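This report concerns only the one structure given below.
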Amino acid sequence: METWSLISVCVFLGLTTRWAVSFNSYSGAGKPPMFGDYEAQRHWQEVTVNLPVHEWYFNTTDNDLNYWGLDYPPLTAYHSLLCAHVAKLIDPTWVELYASRGHESPSHKLFMRATVFIADLVIYIPAVLLYCFYLRDGSAKRRVAVALCILLYPGLILIDYGHFQYNSVSLGLALWAVVGLGLGQDLLGSVAFSLALNYKQMELYHSLPFFCYLLGKCVKQGLTGRGLFLLLKLSVTVLLTFALCWLPFLSDPGQVLQVLCRVFPVGRGLFEDKVANTWCSLNVLIKIRTILPSQIQLLCSFVLTLLAALPSSVKLLAKPTLWQLKLALVNSSLAFFLFSYHVHEKSILLPALPVCLLINDLPLMSIWFLLVSNFSMLPLFMKDGLLMPYVVTTLGFLFFSVYLLSALERTTVAELRLESYQRLTHACLPTLNLCSVVKWKFFLSLVGMAALSLASMLLDPPAALPDLFPVLISVFSFLHFLGLFVYFNLVQLTEPSGRKNQKKAN
Amino acid sequence: MAAPVTNEWKWFSALALGVSLLKCLLINAYHSTDFEVHRNWLALTHSLPLSKWYFEDTSEWTLDYPPFFAWFEFGLSHLAACFDSEMLAVQNLNYASPATVLFQRLSVIVTDVVFIYAVKECCRGVWDEKRKDLLEQPSFILATLLLWNFGLLIVDHIHFQYNGLLFGILLLSIARHFQGRHLEGAFLFSILLNLKHIYLYITPAYGIFLLRCFCFTCSNADRSVQWRSFSVLRFTVLGLIVLSTFALSFGPFIALGQLPQVFSRLFPFKRGLCHAYWAPNIWALYNVADKALTVLGVKLKLLDITKIPKASMTGGLVQESQHSVLPSVTPLATLICTLLSILPALVHMWFRPNGARGFLRCLVMCALGSFIFGWHVHEKAILMAILPYSLLAVEQKEDAGIFFILTTTGHYSLFPLLFTAQELPVKILLMLSFTVFSFTSLKQLFRCGGRLLSTSEAVYLLGLVPLGLVCECVYPLTTWQKSFPFIPLLVTSVYCALGVIYAFIRLYILLFTFTDCGTEAKMKSQ
């Protein structure tokens, strides 16, 4: 079969899966008074279309910030405004000020789902296809398989089409940036990443690698000659993009400050709910939030995050290649997820995106990571009534990625990119059969995930420990993330210089 | 691709698992009144004694499938009790709790195992050359065409029916004939007939085939029948199998003296010539011709407008349709037309039998003939031709071309089945993926033999794209939707009727002009 038809069948399948997931419930469905993220997005449409720009981020008589106040950067607000205008055309009651609060109806659900679908179709999916077809080497069939696996990653589908968010926009823009840099279009890449950052502040998790990559490239070209020129061009581009996004707010410094205050809510605590990062998992043993004052907490998390992200960033700075960039994106975003302040469980999608990009290079480990990342959001999915799609999409992803990428066969030391590590530890550690150890751990972890999933679906937790399963899930996932963080760092830091396939990838 | 045996299994289970997971994702999709029909049957078989099954009429959806299907529902109802026993109360009309939906949907998904097994058996029967590329292997293409069949997916897993199970049995029966296990095939088919009597349409093909190729054990050199080779033993065994199946099914009702009641439920001839939405067959064209002539007659003042029967075509639930200009069609007339349309194929099979492949071809023509000329045909019945025909499509280029025209028009004509906006993207995406796959894979498979479609055929099929855009997206936004809601349906069935009838004619031409030397040679070389 021709490649085009394989690609289109894959894309159709990915889209069908997405739309079929959207038949299910969304966060906060029928749960007044606050509802959930679905209502938040609808409320933003209501606010942006009815109020002047300078009231969007302020608590005014018409804008109650305690009821899902806008706390994303301006680009999200513009997107809401655009959707609101379409909504107004179809049914003005959907976005009427005050009166539309908590509005829920089948047709409105259909509309909201369609906005996600269109955003995904316009931004995320083309980026995935471009990545798979311009930046990968390998046969056409292999590329299609990689594209299918990335498109079927259940975490993103369930959050965007089930829970309800627009992650495919910010992640899609970040992916466009990777594609841009990979194709040597540095300016395009930096514009795309600036847009991503202006859509969702969480994209900061990815900012260090992009910065280091571009800086490293400038340094490589010589900071006195062409490198300096490139640096200037890049900074002007980024500044211009930012200025454009913030244009309506630039007239008044108070506005800018208020937006920043909303976007970075320092007062919201070290972590919220149950999230598979260091702080929440440590909380099981030590109640950090009561011991340390919040200022110290903030400082602590900031320093630890930087320290954790530093090695990969430095390595990338010294060696700005696409392979290093992808690994650094994983490492930096994982460092942020594990150690930074006020992390949501959904933020695991940020490391998941670059891991998706590694799925052909490091199949088993990437699939493992992606499965755990999806699993770590199980309590959220259960709250939203998304059990059925969770089970189905997870099984589908597990089976198809392992089958199509022959993940279980590609587990030699070389394919795990651990030769240098093995050479280093050869002296002090007993030689292990690394492949079978990894495979066994993978299987054990699968069994663990299945058991914990089943337990939290079927069993009632003991009365004394109502949060038993969410805590177990987050600690279990945290341990995996930590282990995989170490692994991805090892792969990045021990990469020998001048390897053949990396040269090709550039 | 080192170990061929395990590999073969891997791709097949990947296809089957993938489609099963997709079916699970569609659990919360829209379901039609057929969902309530089957819930009602669960309830009445569970809570009433056998003697009342075919008398019960609390719900308007009375039991109108043969006894084996009622027993199937009876068996399911015991499992249903574990999910939600409320659904088993006959009085609980339109009951659809989440547990009920889950149970009914899962019952369809699980019973599809029969279909999956049957597809596997069919793939083994297909003449298969080992190609380097898995995607170009006929058995792979066949498995995909059957397992991921668009029509079956939307009819069973969105609209709601149990066709997967029924077609599974049909395909298994066909596969058994391919494997030379004729008694088993006949047995399976008689079970199928007692599950859903719509398969009576293809009974002539079975009857003639079994008589000609099984009861007569050999042919003369010119393939004509050798009368002295009639095997009484085979005939008796065959008759015993079929009769005992029917006795098991209808026996209890004969003993209860309820046979007339059962038959009146199974064959409700009070229904109209066409279903509410016209199936794309000859009667759709006939209706339109009648309407056009009426309008023309009124314009030319040849007809008196007051004498025209009212509301004959408003697209609602018109039961008995009357024609204004052309003679009205009676059930007997449709029966005669149907028989006449399939007779040449049957005669051809008698005089020039071509083994199981000839039988399969005849079966497809019976299904298609009765679809085109039958009384009160549902659009879903096109699957009865499409699914078996997939087996032939991967073996010969001419068949592949006809198959593609038939499936594309037949599948498109299923679109009005799902009219909710929520399901619109799913039906379009699934249809597109199936069509793109079947076209490119068949084209690749027969790439040496010239083009799959002629220019006019391609233009006709591409015409479905603007038709779909207008009917599904543009027309519902116009004001005409309120006053003439039936126009898109009418245009769809007329447009698709042309393709279906064209495919039928092409099939006949192929039957009489093509000598099956090619396939025979391939079979021998195997």
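The values are calculated or read from the model by the stated rules, or taken from the named source; none is laboratory data. Being a predicted model, the structure only gives us computed values, none of them experimental. No Cβ is skipped: glycine too gets one built from the backbone with ideal geometry, and neighbour counts run over all protein chains shown. We work out accessible area using only protein heavy atoms, side chains counted, and drop any ligands, DNA or RNA first. Shrake-Rupley method; radii C 1.70, N 1.55, O 1.52, S 1.80 Å.
Worth a mention:
- Looking only at segment A:451-494, and only at residues there that are outside any helix (DSSP H, G or I) and either of a type in the set (Gly, Ala, Ser) or under 18 Å from A:Asp273 (Cα atoms) (or both), the one that is least open to solvent (accessible area, probe 1.4 Å): A:Pro461
- Check on B:Phe486, at pLDDT 90 or above and not β-branched (Val, Ile, Thr): no
- Annotation: B:Val262 fulfils all but one of (1) modelled with pLDDT of 85 or more; (2) touching a strand residue (DSSP E or B) at 6+ places or on another chain (Cβ under 9 Å); the unmet one is (2).
- Boolean, A:Gly172 is at pLDDT below 95 and under 26 Å from A:Ser401 (Cα atoms): no
- When A:Thr16 is tested against the conditions (1) within 30 Å of A:Pro154 (Cα to Cα); (2) out of contact with any helix residue (DSSP H, G or I) (no Cβ under 6 Å at 6 or more places or on another chain); (3) within 14 Å of chain B (Cβ to nearest Cβ); (4) assigned to a helix (DSSP H, G or I), the lone failure is (2).
- 3 or more residues over 15 Å from the mean Cα position of the chain (by Cα): qualifying helices (runs of 4 or more DSSP H) within segment B:145-199: B:163-178, B:182-195
- Unique residue being more than 14 Å from chain B (Cβ to nearest Cβ) and under 23 Å from A:Tyr199 (Cα atoms) when the list is A:Thr48, A:Thr93: A:Thr48
- Residue, farthest from B:Phe434 (Cα to Cα), within segment A:19-38, restricted to residues that are more than 8 Å from chain B (Cβ to nearest Cβ) and of a type in the set (Phe, Trp, Tyr): A:Phe35
- Exclusive hit being more than 30 Å from A:Ser376 (Cα to Cα) and either modelled with pLDDT of 95 or more or of a type in the set (Val, Ile, Thr) (or both), set A:Val266, A:Val259: A:Val259
- Candidate set: segment B:405-426, residues that are under 24 Å from A:Trp4 (Cβ atoms) and at the interface with another protein chain (Cβ under 10 Å from one of its Cβ atoms); chosen: the one least open to solvent (accessible area, probe 1.4 Å): B:Val426
- Residue pairs meeting the criteria (Cβ under 8 Å; at least 6 apart or on separate chains; first facing chain B (nearest Cβ under 10 Å), in segment A:390-406; second open to solvent by 10 Å² or more (accessible area, probe 1.4 Å) and of a type in the set (Val, Ile, Thr)): A:Thr393/A:Thr17; A:Gly396/A:Thr17
- Residue count for segment A:252-267, restricted to those that are among the polar types (S, T, N, Q) and farther than 21 Å from A:His79 by Cα: 0
Conditions (1) within 14 Å of chain A (Cβ to nearest Cβ); (2) under 22 Å from B:Trp71 (Cα atoms), marked per residue:
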| residue | (1), (2) |
| --- | --- |
| B:Val113 | no, yes |
| B:Cys122 | no, no |
| B:Phe150 | yes, no |
| B:Leu153 | yes, no |
| B:Ile158 | yes, no |
| B:Arg181 | no, no |
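- Test: residue in segment A:101-111 that is in a helix (DSSP H, G or I), in contact with a helix residue (DSSP H, G or I) (Cβ under 7 Å, 6 or more places away or on another chain) and either of a type in the set (Ser, Thr, Tyr) or open to solvent by less than 10 Å² (accessible area, probe 1.4 Å) (or both): yes
- Verdict on B:Leu453 being more than 21 Å from the chain's Cα centre (by Cα), free of Cβ contacts under 8 Å to residues at least 24 places away in the same chain and either more than 14 Å from chain A (Cβ to nearest Cβ) or within 19 Å of B:Ser413 (Cα to Cα) (or both): no
- On the stretch given as segment B:39-61, residues that are of a type in the set (Ser, Thr, Tyr) and either open to solvent by less than 30 Å² (accessible area, probe 1.4 Å) or within 14 Å of chain A (Cβ to nearest Cβ) (or both) total 3.
- Restricting segment B:436-457 to residues that are part of a helix (DSSP H, G or I) and open to solvent by 30 Å² or more (accessible area, probe 1.4 Å) leaves a set whose member that is modelled with the lowest pLDDT is B:Gly449.
- There is at least one residue in segment B:30-38 that is in contact with an Asp or Glu (Cβ under 9 Å, 6 or more places away or on another chain), within 14 Å of chain A (Cβ to nearest Cβ) and touching a residue at least 24 places away in the same chain (Cβ under 8 Å).
- Residues of segment B:356-401 satisfying the condition of being in a loop (DSSP other than H, G, I, E, B) and either open to solvent by 10 Å² or more (accessible area, probe 1.4 Å) or among the small types (Gly, Ala, Ser) (or both): B:Gly374, B:Trp375, B:His376, B:His378, B:Gln396
- Residues that are under 24 Å from the mean Cα position of the chain (by Cα) and hydroxyl-bearing (Ser, Thr, Tyr), drawn from segment A:242-300: A:Thr278, A:Ser281
- Test for A:Tyr98: is it more than 13 Å from chain B (Cβ to nearest Cβ), part of a loop (DSSP other than H, G, I, E, B) and aromatic (Phe, Trp, Tyr): yes
- Scanning segment A:119-139 for residues that are within 11 Å of chain B (Cβ to nearest Cβ) and in a helix (DSSP H, G or I) gives a single hit, A:Leu121.
- At least 2 residues being open to solvent by 70 Å² or more (accessible area, probe 1.4 Å) and over 25 Å from A:Ser477 (Cα atoms) is the threshold, and among the helices (runs of 4 or more DSSP H) wholly inside segment A:244-347 those reaching it are A:253-263, A:294-318.
- Among the residues of segment A:210-224, at least one is within 28 Å of A:Asn374 (Cα to Cα), touching a residue at least 24 places away in the same chain (Cβ under 8 Å) and buried (at least 22 other Cβ atoms within 10 Å of the Cβ).
- Flag for A:Asp186 being surrounded by fewer than 24 Cβ atoms within 10 Å (Cβ to Cβ) and acidic (Asp, Glu): yes
- Enumeration of residues in segment A:1-13 that are over 22 Å from the mean Cα position of the chain (by Cα), β-branched (Val, Ile, Thr) and more than 7 Å from every other protein chain (Cβ to nearest Cβ): A:Thr3, A:Ile7
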